[in-house]
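Asks: Dumping the structure here so I can ask a few things about it.
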Amino acid sequence: MLKLVDQPVYLSKGKLVTFDEFKAKNTVSDDDYKKTMAYKIMSSHNVGEDDSHYRIKFDALASHDITYVGIIQTAKASGLKEFPIPYVLTNCHNSLCAVGGTINEDDHLFGLSAAKKYGGIFVPANEAVIHSYMREMFAAPYKMILGSDSHTRYGALGTMAIGEGGPELVKQLLNRTYDINRPEVIAIYMTGKPKKGVGPQDVALAIIKAVFKCGFVKNKVMEFIGDGISNLSVEYRNAIDVMTTETTCLSSIWKTDDAVKEYLSEYLRADEYKEVSPDEGARYDGAVYVELDKIEPMIALPFHPSNAFTIKELNENALDILRECEIECQKQIGDRVVFNLTDKIVGKKVKVSQGVVAGCSGGTYDNLCQVASILEHGKVGSDAFALSIYPGSQPTMLKLVENGAVAKMIKSGAIVKPAFCGPCFGAGDVPCNNGLSIRHTTRNFMSREGSKPGEKQIASVALMDARSIAATAINGGCLTPATEVDFDETVPKFTFDKTIYENRVYNGFKKADGKAELVYGPNIADWPTIEPLKDNLAMKVVAVIKDPVTTTDELIPSGETSSYRSNPLRLAEFALSRKVPEYVQRAKAVKKENKDILEGKINEQVEATLALAGVDTSDLSYGSVIYAVKPGDGSAREQAASCQRVLGGVANLASEYATKRYRSNLINWGMIPFLTKDIEYNLNDVIVVKDVAEKLKRGDTEFEALLVREDKVSAFKLHIDPLTDDEKDIILKGCLINYYA
């Protein structure tokens, strides 16, 4: 089904061959990596002179209403006058306005006012989810798009798209660059044709299962090639592509063809089509072979998309698989609440309580046409199982209404709702306590469906393809692969009605009105003052997380907390609240100790600790630090780092960082991304690094450190991966805002 090849391979006459096989018949060049699609596109956007270290300028930017207020506030504080490239502000995350009174709609008005003042594009609430809109209106071959959402992926349309934290968008708004070493490129070689009933989520989960845990594509580019691509519709490709984020790759790119040309024509952008393909002899750093015809309907159990099985395998071995999953999940939750999965076994079947098909991954036109076709042959029923369906955009919704698909879904008992990302991050369709929801969305991390273990409630999500969710719905909520039901696969032709967006979307690009005023709601607050890094550093450990991976959802929860994203201090109150509830108060206590040091009122315990390390408090950065084995998987949201920073955090300690984007978020908020091994940290340990500023300036990657534990001092070493000159300056100045100021 899937095979990984961890060695260089070459493209030869449409096939992948080893180095030795290629060299036997061809001349090998050190520049063969330049024949990949990834190199062609990234190098064409590189404004630097070094093709081993890119300085990228993007064609367009995209943000949603969880992130754009902070980005614009940061850019404004750094001297923003006008958006230099198209910047799309969508309103698909805080659309419900159900938490915090007026503050969500206040953010939307701020976004509209910013689009008018700086020349942006404003997509109102429920008009389209961010990635659906960008596919429909912006993505095209040879473009690069940067988004403040981790699922910014438009590779199937020939666009290299990258999801990053907000500060990276700020750099683009200020005409700076996205700096990155040339990434490795992994060929995803697709052959065959999927079976009837096997959908894009099934393919995506199979790939994620194969590559995530071994880090095979981490921070690399996934380049999709092979004759199997021609057997997939463009929407099918889009739905696979958006899930590449869950592999921890940097970006993705697909070979384009006439199907992409037709897709762009449907959206009245035929003139933007170009062929994107690798050249003969392209060199890849490895490969993943995907036999599409051998993939079966899949299910990813809690709490990660890589925890995947075939539905058939789960149904045949439900007790063993669910019990093992229970045990592993309980370790993550701790003793706050009891987690159950084996109780979902009813007789010889696994029964779930809810189904959701939504957003940029599930709510595509093709998916929902086939969902409607399956639901037409049954009913959701009047028991506990419920099915919610969210088309990804109003143009998609309109066509589904016109072709009768919405009528079929509604008649079956499904509820059809407007475009909204809530089911992806816990702001809509929260299941019952102990419920298991099956979803064609992007993630199934702990509590991402909206439950609150700290309040003795827990639910969970299993990821599945829309087709198998529909098959399960008409089978009373009992897990059923879509390969076991009969339905018409035919997808009626899609036609795009441009008036939907013309009548509602504000398009202000190149129409900036500098005299326009930003509209501030009472929850929108400026960033607090952040201190530059001083010569010496002392940091107190306030959280120790030993899980194999720590997600950004655990660092700053999603769901209703997102309503407070425009108020840095208020949002920070939720930091680590579902993982280490005591973190905020501990961090605040350390921040108070720092304030006392600055005011010359250092308390005796802190003074004694620092004296043991022999550090002078006259030029000292003192703050809190968290240790996690591998933090930062998941969302691109910068708040995972900024919340620590505004609470006085000065660094992270980690064995490795799960994603490049989380490490970048730390750096952009002035926090040092230390690497550490073979040290068991305890709460209240104090770590001292002398002359840290000078060492950063000269590019040191190894730091002598002192660990003060009670009344004992021991020496050890911390490390960091190399920093660019700009990254060093950002950390030294305290954060990106200070750097630009």
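The values are calculated or read from the model by the stated rules, or taken from the named source; none is laboratory data. None of the values given here were measured: they were computed from a predicted structure. Please note: Cβ atoms are built from the backbone with ideal geometry, for glycine as well, and neighbour counts cover all protein chains shown.
Asks: Restricting to the range 391-426, and then to whatever is assigned to a strand (DSSP E or B) and touching a helix residue (DSSP H, G or I) at 6+ places or on another chain (Cβ under 6 Å), can you tell me which residue is farthest from GLY477 (Cα to Cα)? I'd like the intermediate steps shown before the answer.
Replies: First, the residues of the range 391-426 that are assigned to a strand (DSSP E or B): 393, 415-416.
Now drop any that are not touching a helix residue (DSSP H, G or I) at 6+ places or on another chain (Cβ under 6 Å), which leaves 393, 416.
On the way: SER393: 27, VAL416: 18 Å.
Here the residue is SER393.
Asks: A follow-up question, please. Got at least one residue in the range 208-224 being acidic (Asp, Glu) and closer than 26 Å to THR480 by Cα?
Replies: No: zero hits.
Asks: How many residues does the range 50-71 hold that are hydrophobic (A, V, I, L, M, F, W, C) and farther than 13 Å from VAL88 by Cβ?
Replies: So the count comes out to 3.
Residue-by-condition table, conditions (1) surrounded by fewer than 24 Cβ atoms within 10 Å (Cβ to Cβ); (2) in contact with a Phe, Trp or Tyr (Cβ under 9 Å, 6 or more places away or on another chain); (3) at pLDDT below 95; (4) not β-branched (Val, Ile, Thr):
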position: ILE333; (1), (2), (3), (4): yes, yes, yes, no
position: VAL338; (1), (2), (3), (4): yes, no, yes, no
position: ASP343; (1), (2), (3), (4): yes, no, yes, yes
position: VAL357; (1), (2), (3), (4): no, yes, no, no
position: CYS360; (1), (2), (3), (4): no, no, yes, yes
position: GLY381; (1), (2), (3), (4): yes, no, yes, yes
position: ALA384; (1), (2), (3), (4): yes, no, yes, yes
position: LYS408; (1), (2), (3), (4): yes, no, no, yes
position: CYS432; (1), (2), (3), (4): yes, no, yes, yes
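Asks: To continue, here is another question. Select from the range 449-492 the residues that are acidic (Asp, Glu) and buried (at least 20 other Cβ atoms within 10 Å of the Cβ) and list them in ascending order. Step through it out loud before you land on a result.
Replies: We begin by selecting, within the range 449-492, every residue acidic (Asp, Glu); these are 449, 455, 465, 484, 486, 488-489.
Answer for the range 449-492, where residues must be acidic (Asp, Glu) and buried (at least 20 other Cβ atoms within 10 Å of the Cβ): GLU449, ASP465.
Asks: Here's another thing I want to ask about it. If we only count helices (runs of 4 or more DSSP H) wholly inside the range 281-381, which ones have 2 or more residues that are over 26 Å from the mean Cα position of the chain (by Cα)?
Replies: Details: elements: 311-316, 318-333, 359-362, 365-375.
In the range 281-381, the matching helices (runs of 4 or more DSSP H) lie at 311-316, 318-333, 365-375.
Asks: Under 9 Å by Cβ, and 6 or more places apart or on different chains, what pairs join a residue from the range 32-60 that is under 17 Å from ASN175 (Cα atoms) with one that is outside any loop (DSSP other than H, G, I, E, B) and among the acidic types (Asp, Glu)?
Replies: GLY48/ASP179; TYR54/ASP179; ARG55/ASP179; ILE56/ASP179
Asks: Scan the range 178-223 residue by residue and report those that are of a type in the set (Asp, Glu), modelled with pLDDT of 95 or more and either within 17 Å of ALA300 (Cβ to Cβ) or surrounded by fewer than 24 Cβ atoms within 10 Å (Cβ to Cβ) (or both). Lay out the reasoning, then the answer.
Replies: Of all residues in the range 178-223, those of a type in the set (Asp, Glu) come to 179, 184, 202, 223.
Next, only the ones that are modelled with pLDDT of 95 or more stay: 184, 202, 223.
Matches in the range 178-223: GLU184, ASP202.
Asks: Also, I was wondering about something else. When you scan the range 593-638, how many residues do you find that are surrounded by fewer than 16 Cβ atoms within 10 Å (Cβ to Cβ), of a type in the set (A, V, I, L, M, F, W, C) and in contact with a strand residue (DSSP E or B) (Cβ under 9 Å, 6 or more places away or on another chain)?
Replies: Of all residues in the range 593-638, those surrounded by fewer than 16 Cβ atoms within 10 Å (Cβ to Cβ) come to 595-596, 598-601, 603-605, 607-608, 611, 614, 616, 618-619.
Narrowing the set further to residues that are of a type in the set (A, V, I, L, M, F, W, C) leaves 598, 608, 611.
Then keep just the ones that are in contact with a strand residue (DSSP E or B) (Cβ under 9 Å, 6 or more places away or on another chain); that gives 598.
So the count comes out to 1.
Asks: Condition check: assigned to a helix (DSSP H, G or I), surrounded by 13 or more Cβ atoms within 10 Å (Cβ to Cβ) and not polar (S, T, N, Q). Does ILE500 satisfy that? Full working, then the answer.
Replies: Working: assigned to a helix (DSSP H, G or I): yes; surrounded by 13 or more Cβ atoms within 10 Å (Cβ to Cβ): yes; not polar (S, T, N, Q): yes.
It is true that ILE500 is assigned to a helix (DSSP H, G or I), surrounded by 13 or more Cβ atoms within 10 Å (Cβ to Cβ) and not polar (S, T, N, Q).
Asks: Mind listing whichever residues of the range 700-720 are surrounded by 12 or more Cβ atoms within 10 Å (Cβ to Cβ) and either of a type outside the set (A, V, I, L, M, F, W, C) or over 23 Å from ALA658 (Cα atoms) (or both)?
Replies: Here is the first cut: in the range 700-720, the ones surrounded by 12 or more Cβ atoms within 10 Å (Cβ to Cβ) are 700-701, 703-709, 713, 716-720.
Scanning the range 700-720 gives ASP700, THR701, GLU704, ALA705, LEU706, LEU707, VAL708, ARG709, VAL713, PHE716, LYS717, HIS719.
Asks: Of everything in the range 25-77, what is part of a loop (DSSP other than H, G, I, E, B) and farther than 30 Å from TRP669 by Cβ? Give them in sequence order. If you could, list the steps in order and put the result at the bottom.
Replies: Start the filter on the range 25-77 by keeping residues that are part of a loop (DSSP other than H, G, I, E, B), which leaves 26-31, 36, 45, 47-52, 57-59, 64-67.
Matches in the range 25-77: ASN26, THR27, VAL28, SER29, ASP30, ASP31, THR36.
Asks: Can you work out which of the residues in the range 145-173 that are hydroxyl-bearing (Ser, Thr, Tyr) and over 17 Å from ALA204 (Cβ atoms) is modelled with the lowest pLDDT? Explain how you work it out, then say what you get.
Replies: Quick first cut of the range 145-173, residues hydroxyl-bearing (Ser, Thr, Tyr) only: 148, 150, 152, 154, 159.
This time we only want the ones that are over 17 Å from ALA204 (Cβ atoms), so: 148, 159.
Numbers: SER148: 94, THR159: 98.
Checking each candidate, the answer is SER148.
Asks: Also, quick follow-up: Would you please name the residue that is farthest from the chain's Cα centre (by Cα), looking only at residues in the range 1-40 that are charged (D, E, K, R) and closer than 23 Å to ALA206 by Cβ?
Replies: Residues of the range 1-40 that are charged (D, E, K, R), as a first pass: 3, 6, 13, 15, 20-21, 23, 25, 30-32, 34-35, 40.
If we keep only those that are closer than 23 Å to ALA206 by Cβ too, we end up with 3, 6, 15.
Values: LYS3: 25, ASP6: 25, LYS15: 32 Å.
It comes out as LYS15.
Asks: Count, please, the residues in the range 639-691 that happen to be among the small types (Gly, Ala, Ser), more than 19 Å from THR551 (Cα to Cα) and surrounded by fewer than 19 Cβ atoms within 10 Å (Cβ to Cβ).
Replies: Narrowing the range 639-691 to residues among the small types (Gly, Ala, Ser): 640-642, 648-649, 651, 654-655, 658, 664, 670.
Next, from what is left, pick out any that are more than 19 Å from THR551 (Cα to Cα): 648, 670.
Filter once more, keeping what is surrounded by fewer than 19 Cβ atoms within 10 Å (Cβ to Cβ): none.
Number of matching residues: 0.
Asks: Okay, moving on. Identify, from the list LEU319, LEU292, the residue that is surrounded by 18 or more Cβ atoms within 10 Å (Cβ to Cβ) and under 27 Å from GLU484 (Cα atoms). Full working, then the answer.
Replies: Numbers: LEU319 fails: surrounded by 18 or more Cβ atoms within 10 Å (Cβ to Cβ).
So the residue among LEU319, LEU292 that is surrounded by 18 or more Cβ atoms within 10 Å (Cβ to Cβ) and under 27 Å from GLU484 (Cα atoms) is LEU292.
Asks: Return the only residue of VAL485, VAL544, VAL519 being hydrophobic (A, V, I, L, M, F, W, C), in the same structural domain as ASN682 (by TED's automatic domain parsing) and on the phi < 0 side of the Ramachandran plot.
Replies: Values: VAL485 fails: in the same structural domain as ASN682 (by TED's automatic domain parsing); VAL519 fails: in the same structural domain as ASN682 (by TED's automatic domain parsing).
Answer to the selection: VAL544.
Asks: Being over 24 Å from the mean Cα position of the chain (by Cα) and assigned to a helix (DSSP H, G or I) is the filter; apply it to the range 732-741 and report the residue that is nearest to ASN652 (Cα to Cα).
Replies: Pass one, the range 732-741, residues over 24 Å from the mean Cα position of the chain (by Cα): 732-734, 738-741.
Narrowing further to those that are assigned to a helix (DSSP H, G or I): 732-733, 738-740.
On the way: LEU732: 16, LYS733: 17, ASN738: 20, TYR739: 20, TYR740: 23 Å.
If we take residues in the range 732-741 being over 24 Å from the mean Cα position of the chain (by Cα) and assigned to a helix (DSSP H, G or I), then LEU732 is nearest to ASN652 (Cα to Cα).
Asks: Could you tell me whether ALA259 is among the small types (Gly, Ala, Ser), modelled with pLDDT of 95 or more and in a helix (DSSP H, G or I)?
Replies: Values: among the small types (Gly, Ala, Ser): yes; modelled with pLDDT of 95 or more: yes; in a helix (DSSP H, G or I): yes.
When the stated conditions are applied, ALA259 passes them.
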